[in-house]
1. Please compute the Kirkwood hydrodynamic radius of the range 1336-1415 from all pairs of different C-alpha atoms, in Å with one decimal.
2. Under 5 Å between amide hydrogens, which residues at least 5 positions from K595 or on another chain qualify, with H placed 1.01 Å from N in the peptide plane?
3. So with the 1.4 Å probe, I'd like the accessible area per residue for the range 705-812, rounded to whole Å².
4. Could you provide, to the nearest whole Å², the per residue accessible area of the range 992-1034 with probe 1.4 Å?
5. Per the 1.4 Å probe, what fraction of the accessible area of the range 791-899, in percent, lies on carbon and sulfur atoms?
6. Of the peptides 767-778, 909-920, how do they stack up when ordered by the mean number of other Cβ atoms within 10 Å, highest first?
7. Which order do peptides 1219-1225, 575-581, 1547-1553 fall in by mean Cβ count within 10 Å, highest first?
8. To the nearest 10 Å², what's T454's accessible area with a 1.4 Å probe?
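The values are calculated or read from the model by the stated rules, or taken from the named source; none is laboratory data. Predicted, not measured: the structure shown is a model, and the values here were computed from it. Positions of Cβ are backbone-derived with ideal geometry, glycine not excepted, and every protein chain shown enters the neighbour counts. Only protein heavy atoms, including side chains, enter the accessible area calculation; ligands, DNA and RNA are left aside. Shrake-Rupley method; radii C 1.70, N 1.55, O 1.52, S 1.80 Å.
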Amino acid sequence: SCNSPEAVKKLLENMQADLRSLSMECKKKFPPVKEWLVEMMLLTTNTIVHDEVLSKAIVLCFRLHFTKDNITNNTAAATVRQVVTVVFERMVAEDEKFKGLTEEPPAVQGNSNRRSVSTLRPSAKDAYMLFQDLCQLVNADAPYWLVGMTEMTRTFGLELLESVLNDFPEVFLQHQEFSFLLKERVCPLVIKLFSPNIKFRQGCGSSASSPAPVEKPYFPICMRLLRVVSVLIKHFYSLLVTECEIFLSLLVKFLDGEKPQWLRAVAVESVHRLCVQPHLLRSFCQSYDMKQHSTKVFRDIVNALGSFIQSLFILPSGSVSASQGSAQGGPGAAGAGGGLITQAAFEYRGTWIPLMNVSVQGSAKATYLEMLDKVEPPSIPEGYAMSVAFSALLDLVRGITSLIERELSKQEQEAAMREEAEPVSPPQRVWEEMVNACWCGLLAALSLLLDASTDEAATENILKAELSMASLCGRLGLVTPRDAFITAICKASLPPHYALTILSSNTANLSNKVYSIQGQSVQMVSPSSESHQQVVAVGQPLTAQPQGTVMLTAKNIQCMRTLLNLAHCHGGYLGTSWQLVLATLQHLVWILGLKPSVGGVLKPGRAVEGPSTVLTTAVMTDLPVISNILSRLFESSQYLDDVSLHHLINALCSLSMEAMEMAYGNNKEPSLFAVAKLLETGLVNMDRIEILWRPLTAHLLEVCQHPNARMREWGAEAITSLIKAGLSFKHDPPLSQNQRLQLLLLNPLKELSNVLHADIRQKQLECVLQILQNQGDTLGPGWPLVLGVIGAIRNDQGESLIRTAFQCLQLVVTDFLPTMPCMCLQIVVDVAGSFGLQNQELNISLTSIGLLWNISDYFFQRGEAITEELEREEAVLLRQAQDKGEPLHRPFHPAPPFDCLWLCLYAKLGELCVDPRPAVRKSAGQTMFSTIAAHGTLLQPPTWNIVVWKVLFHLLDCVRKSSTTADKEKIESGGGNILIHHSRDTAEKQWAETWVLTLAGVARIFNTRRYLLQQLGDFFKAWEVLLDHIQSAALSKNNEVSLAALKSFQEILQLVTPIKDTDKLDALAMDVPPVLMESLQVSGPGRPLVRSDSLAERLAQRYGAQPSLPPPGEELDDSALWWSAWNTWYRIGTECTRPPSGGTDKLVFVPSQPFLTALIQIFPALYQHIAGGFSMEDLKKLGVILHGAVSVPISSDSSPFILPSYTEAVLTSLQEAVLTALDVLQKAICVGSENLQVMYPAIFEQLLLFVEFSCKPPQYGKMETKHVANAKYNQAEWVALNYVPFAEQSLEVVVDLYHKTACHKAVINEKVLQNIIKTLRIPLGLKYACPAESTWKLAVSSLLKVLSIGLPVARQQASSGKFDTMWPELANAFEDFLFTKSTPPDNLSIQEFQRNEAVDVQVVQLISTEILPFANFIPKEFVGRIMSMLNKGSIHSQSSSFTEAEMDIRMREEFSKVCFETLLQFSFSNKVSTPQEGYISRMALSVLLQRAQDVLRRYVEDQRLSGRCPLPRQQVTEIIFVLKAISTLMDSLKKTQPENVDGNVWVQVIALYPTLVECITCSSPEVSSALKDALGPFKDFMQPPVSKVQNGES
């Protein structure tokens, strides 16, 4: 209304006067007051009113406030507040106006004059004075400026102070004067006013014992003081560091249990206010805790909060104990009943405290600090203090963590921008100090609350707090607090008192604790009032000893999720605490029964022996989620840095070690958590697998060796999955360019081979199979490793493993040979070989031999490519070796690398050829020889040397050794129901087969590759060795082997000296008969048939070793070879035909007929090659063998197969062979040179020996042989062969040969004819006694033939005397035959007899034609013997005894007649050329006549004696014969010229006459008629006697 200050002043004074009167009539209500107050406000809002005017106005308001009228009172109070505010606002506005114009004056030193505020501007001065007086008034002192104030309440004063401090902090911070007021006035005031509260102890009161009555704390003041303190600390902490220290210490003290409940409640609210200001807390820490000798204020605050919370659980007054609660039907009752608690609360050891919703997160909304209208302390509801304290704790944690984390992130960003590590900056130290100061208190309080919490939300908040603390500690690298918080969460996840030592250990020494999960005691916790938790799962604890069950509550599961969350989000900061986290998770997973499945993911699944696990539906639905989080947790390991990742891996490994420890020695289901998670971690970190591969796989390999099968199985599952994943992962750079990584990945696969458990090897091999199927083409340098795994088989591993491994090998051989480095081919050969050698599964052995054949084919097809690659490799290796100064280590080194590959293949097959199993040996042998035959041309000539000596001969040696030492025991059956043929039923017989195969194979190679081999320097030596093998095989006591040896012998002898091109052709003409070979070779110089670029030739050119060819036309000199062969043949022959020395032992070994036959059959082929040098000496050797061979008997059990039935005259094949051998020989001599002919006699001698067999079969040592007809087939006897056909055949050969050679000098000189006759004399003499009738007949006809040729020769040579000894032999032979001592068989028919007589007649005819006519060339004695023989034949003197023989001879009438005729013919032949011949005939005649005379006389005499009796038939026949002879003689005399007849004869003829006459008396008509014939001719000679003179003259 008026603007001048004077007017205002006036107005105020009036108002003061009126006020006084008002106060007198306080009951009356005067509306004007309100208007004044309004004016008052108007007045103060304008900026003109200053200084005293202003102070008066304010005083007026205060006084109005203290009237007893409520309305006025309240209005005035509002006005006062308004006025105070306005005063300060004016000052702020003034400051704004002058901002930047004037410099702040220097600070006032000291404060001598309180009123001296000259430096302040007007508005500021007002504010200063006002604030100073407020302090004075509250302190109950007189005001300086507000003169006239009479009364003032402390409560109102404190409120005003608080509002000023709270609303205008900048005033105090910018102006030193005001700061000074704060320090000097406000703080001491506050401290003074606090004193009653500090001293007061609840329960002491003012008892007589206390020295002075203590002022009781007064709620309104106390509460307002705390508000002021809150504001001071909040705004002016920086100014009042020391004072705040005191305030805070006081605050901490108010929380003490002995203070009144309301005081504690208000104190807690104040603390809560601090807790929501993290910056403030940080300042405390910096100012106090980090200074030496200073109170650790921050730590004390936190600890006080903690103790406060703890104290609330120790039955304080005012809280309801659980027992009361249950009596009142309170929440405790529900808890005991096991129902769900609906109200959020904490419950611990019987104390139950409800939880109220006191404030919004992050702001401290106080309840009691705002009760400004209360004078008495209010009653505090139960649980309020707890709720505030709880919120304070959570806000504290939230504040600190968010503050520090924000700043940390900022720092990290800056560091990233600077890109260099900074030393620990001061802020970092502050944060560490803050955490170090508060963690113990926080942990204690939070753990207790967690334990006591019954509300899911509260639990969640507590867990969040612990989680964020743990993570923060991790980030700051504070290991101990981090582990402590994590331990707390872990403990809360597990059932109470769960025996997990890792958690119960003292938190301080966690860092160096040896962890273990083998707890001894597990208490069963029943759901009692102690735990108001809903039990959601019952399971088994993971311990070494099986013990009862444990319960999991919903809270445990909640904690578990927090733990998962911690690991998931803050895994990078966990470091060594991974151990804690994972150990706990492992136990929870175990109790919940999660089991690992593919890829290590844990899925709900029960173990076989876990019937004790019970899960509620609530948890059942949770499990997949938990399982999912678990997986995600390990998936997120890909975002960890390398160090954290290593921590994780180490933790998992040590967990796994413990699980392994526990699983020892029992078959309980092991905990597979760690293994499964290692697998999962490995799989997600494939991109940096190198850094964790070694520790990871090293551990898993240990797991694979664990005795517990399930444990092992998972170890293998993990390791194989990792390897497969590693190989298929798209690495950068790809594996093909990162050999080291590839080998690193494959290495554990190789290591698995050292594990002895079959199931692990099975897994390993399945893994290999999958790797081959998926990555086979890209394995490259990994091949040796993979092949090593496939080949690491042992016989003790069982069939199925070997089968799986073999599948892998088959896959390799069929699909991957072209893709692997050639250096690995040798390994493939070795591996295939080792499958051949394993003895578990025969079929695999056989199939692997097939694989070796396929491999050899591959070598053949890809020969050039392989050669080139191998040579490149070789060059590299050689350089390396030279650098190191070592020789190159490689099997068969000097040979070229490609050849070495072949040699390795052959060597492997060679090993298989001496396998203990016959089937394998057979298959390997066939394969080996076929391979050498088919692909041998690819080898360089020098390599053949190794093939021959190191492969072939080595093999022969081994086989020979095994065969000779093999067991002769009978093998009953070949395993299973396989029957074994009798020819294979002993090991010896089975080895025999191998020996046969091997020898044949080697011989065939010598045959087909002869040309190639002869280029080698030591071919002759090799040839000798081969022959030695053939010899030892031929002399083995096994018929099969010996026979086969000869076959091989034959094979190497059928060699023609090779022509230049053979070795090029023999790839084509492997088994072409020689005829075709020649036609091929005739194909001209271009040889169109052979591809000129054959691999073999290209290889040959490559090594520049064209085989040196002999100059055209010059054949290789082979004679040494053939003579060596002849010697071998001779040795075999002598050895096998030498008769046994012992007695008649049944077990003597006698060579078989087929063997001997084969042996002899070799000779012709051999002879062709040695004919040139074949000497007499050799012929003798041959004879010995032939003779020996023919003499060998055969055993009766095989005789039916070899012998013809006795009646058939057939030669055995052996006998034929013997004759053929001689035949070849004589043919060769025939066409050969002169000097060869000296051999004829020897051949004759040999043949004649054989001829003798017809009559006396040869002996074989001292063995008794039976005649074939008497042998029983089923007895082990020896049967002599039927030699007759053989001897006869030999005889025919002799005749034939003699026919050709009779005139040869040697034949004449060596008296062959005599020998022939001498030999023939035997059968001739035996005649009917011969074993076969045909023999003597043949002998006779042969004799006749031989003589017809031989006699003329003998006559020619008569003078030389070379035949002198023959004549007596011949005479003997004639005599033995014509007058044999043997009797014809009884059953001889007449016709037969006559035929035989005809033969005798032939002999006489021969004498008459071939001998007698040439008597003058023949020795006299011989002729004499002939004559006497003819004589003997023509007259049969009757023997005194009437034997059958006599009679038979008498019956040979035709014969006698011929004899007589011959005799006569020679008696009267007019061609007598020599007196000697005449003499012979005369002598013969006189003998004859003499004999006739004798017979006739005897006849007459006998007849006279016999009287009527007829004479015996023989005698009658004889007399008839004599009579006939006489008549024949008479005829002859009549025909002959008289001068040819000797007078003497006449005398004897005439002398016969009287005797004839005497016979007339005979009674026999036959005799009579013969007599008539005899007497008749005498008439021709009856003449009258002539005169003596005439007679004398003639």
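1. Working: mean 1/r = 0.0713 Å⁻¹.
This gives a value of 14.0 Å.
2. K603, G605
3. It amounts to 39 Å² per residue over the range 705-812.
4. Values: 1140 Å² over 43 residues.
Spelled out: the 1.4 Å probe surface of the range 992-1034, per residue, equals 26 Å².
5. Working: 2520 of 4890 Å².
Carbon with sulfur: 52 percent of the solvent-accessible area.
6. 909-920, 767-778
7. Peptide ranking by packing, descending: 575-581, 1219-1225, 1547-1553.
8. Near enough 30 Å² of accessible area.
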